[in-house]
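Accompanying notes for the structure given below.
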Amino acid sequence: MLMTLGTLLQRDLTLVVRRPQDALTVVGFFVVVIALFPLGVGPEPELLRRLAPGVIWVAALLATMLSLARLFADDYRDGSLEQLLLAPEPLTLLVLVRTAAHWLMTGLPLVLVSPLLAVQLGLRPEEIPVLMLALLLGTPILSLVGAIGAALTLGVRGGGVLIALLVLPLYVPPLVLGAGALDAVMHGADAQTHLSLLSALLLFALVTAPWAAAAALRIMLD
Amino acid sequence: MPPQALSDECLRAVDLAAERGDRRLFQHLGFTLAPGQLLQVQGANGSGKTSLLRILCGLSRPARGAVYWGEEPLARVEGGIGSCLSYLGHRDALKDELSVRENVLFAARLGGMIAGREAADAVLARLGLTGYEDLPAGILSQGQKRRVALARLLLEARPLWVLDEPLAALDAQASAILREALAAQLAGGGMVILTTHQAVDVPGDCTCLRLPDGIEVATAC
């Protein structure tokens, strides 16, 4: 069983390596959106600092969403998804692996590039670890919840916009907690509460989202 | 690689009905497929051939009736019905970015079988794809892609093959190879269900099932 799951992860990552533009567009979008903010609201360091938590998190949500449409769509188009449904492993686990691959491709690069953008927005060095930790806990939630939206809109015309409408409201809790964690540290408080809640949310999403996405896939392929 | 007779289970369809939108495609359809038998599903375009195959694989649910593998209903088969059958749909399930060999190997491993490079190369050679192993599947022609999809089928060596238009896009040579593979599958005690508009013409126990054009009852011909 582990072999099958490992194979799927290996296959998905091989595809990312062979087609790196998918992953690069996501990081590129993230960086560009954040870089545009100082141009729009003006270069005052205090203002940028105050906006930073929200800006970084909203940009992360939108960047993740860009990539969701392709989470299952490519496999759906070329028929691989039917083969996955027929695989002897439970579909829930396969969806979990696929989501993990998606996170490695989109979420992890956002976490890694975030210190750079934090400096750009004037965050202090001691605030950056909290930002990264919150993103590390939060971006997998974005991928997991996004998988449900991607599965539900499979084969639907204009699915990209529909995913946004379905998924963005569900992104509110990680947004509030993630941005809140950074905000707390910036105001000299402790981010412990926010990070704990974010971890709890991640565990909840890990258990329920793959199952829901798998059920949605079965319905959409029926 | 000769197909293995992995099972002496029968595939039974009992009183199946399928609907597409509001239209009933067929109803009261039943048959039993025993090891060594081939069933050719015939019917006009839109008569529900693909729907029937998808129901038999457990990908779609029938409007009525049930499919059994041996005594078990499809949903209760241990390891999923996917571990008993290979399904080849309209689309070849190939990734353009992966090489031909990777495509075959990944597909077989995802199906839960341990397949080595040599086994994959042997199957590819049998399908006339020697020299293409390391090329990305994206540059292959339609017929060659179909051959790669067939290679997966041969490598998996499952007791039941469910093939949707397997002869589409294949040239005379590949069709002959496929017919040979079908004959070997039947001789080895395997089962085949396929749709095609061409004559199958495989030695062995072949029956055909004609789906009705209207809503009448399907009859075996």
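For segment B:35-59 versus segment B:62-129, the spacing of their alpha-carbon centroids is 17 Å. Rounded to a whole number, what is D in µm²/s for segment B:98-157 from Stokes-Einstein with the Kirkwood radius over alpha-carbon pairs (25 °C, 0.890 mPa s)? The estimated diffusion coefficient comes to 224 µm²/s.
Quick check for you: with a 1.4 Å probe and neighbouring chains kept, what is the accessible area per residue of segment B:143-196, in Å²?
Working: 1180 Å² over 54 residues.
Computed with neighbouring chains in place, this is 22 Å² per residue.
Test of understanding: express the Cα radius of gyration of segment A:2-114 as a ratio to 2.2 N^0.38 Å, with N the residue count. If you can, show how the numbers build up before the last one.
Working: Rg = 17.4 Å, N = 113, 2.2 N^0.38 = 13.3 Å.
This ratio for segment A:2-114 stands at 1.31.
Spatial offset of segment A:42-67 relative to segment A:101-147 amounts to 12 Å, using the alpha carbon center of each. Comparing B:K49, B:K145, B:K95 in a Gaussian network model of chain B (Cα springs below 10 Å), the most mobile by mean-square fluctuation is B:K95. Seen against the Cα atoms of chain B and their longest principal axis, helix B:172-187 is set at about 60 degrees. Beta bridges from DSSP with both residues in the protein assembly as shown: antiparallel share about 45 percent, rounded to the nearest 5. When shorter helices are ignored and each DSSP H run of at least 4 residues is given -39500 (n - 2.57), the per-residue value for chain B at 222 nm works out to -8500 deg cm²/dmol.
The listed residues A:M132, A:M186 rank as A:M132, A:M186 when sorted by accessible area, largest first, using a 1.4 Å probe. Exposure check, 1.4 Å probe, all protein chains in place: B:C57 carries approximately 0 Å² of accessible surface. Its relative contact order, with pairs defined as Cα atoms under 8 Å and 6+ residues apart, puts segment A:2-221 at 27 percent.
Rank B:V14, B:V162 by accessible area, highest first, at a 1.4 Å probe radius? Please report the intermediate quantities before stating the final value.
Numbers: B:V14 60, B:V162 0 Å².
The most accessible residue leads, giving B:V14, B:V162.
What is the mean number of Cβ atoms from other protein chains located within 10 Å of the Cβ atom of each residue in peptide A:70-79, rounded to a whole number?
Counting other chains' Cβ atoms within 10 Å and averaging over A:70-79 gives 2.
For the residues of A:15-23, the average number of beta carbons from a partner chain within 10 Å of their own beta carbon is 2. Per-residue accessible area (protein heavy atoms, 1.4 Å probe) orders B:D22, A:D75, B:D134 as B:D22, B:D134, A:D75, starting from the largest. Near the amide H of B:L209, within less than 5 Å, lie the amide hydrogens of B:Q40, B:V41, B:Q42, all on another chain or at least 5 residues away, with H placed in the peptide plane. Solvent-accessible surface (1.4 Å probe) assigned to A:S114 amounts to roughly 0 Å².
Phi angles of segment B:193-210 translate, via the Karplus equation with coefficients 6.51, -1.76, 1.60 and θ = phi - 60°, into HN-Hα couplings of 10, 9, 10, 6, 9, 9, 6, 7, 6, 10, x, x, 8, 10, 10, 10, 10, 9 Hz per residue; Gly and Pro are given as x.
On the protein assembly as shown, 62 percent of the accessible area sits on carbon and sulfur atoms, based on a 1.4 Å probe.
At each listed q (0.06 Å⁻¹), what is the log10 of I(q)/I(0) that the Debye formula gives for the protein assembly as shown modelled as equal alpha-carbon point scatterers? Once normalised to I(0) and log-transformed, intensities are -0.32.
Chains B and A: how much accessible area gets covered up at their contact, both sides added, probe 1.4 Å, in Å² to the nearest hundred?
Working: alone 10430 and 10920 Å², together 18910 Å².
Summed over both sides, the interface buries about 2400 Å².
The values are calculated or read from the model by the stated rules, or taken from the named source; none is laboratory data. These numbers were taken from a predicted model, which means no experiment stands behind them. Backbone-built Cβ (ideal geometry, glycine too); neighbour counts: all protein chains shown. Quick note on the areas: whole protein, heavy atoms, side chains included, nothing else; ligands and nucleic acids left out. Shrake-Rupley method; radii C 1.70, N 1.55, O 1.52, S 1.80 Å.
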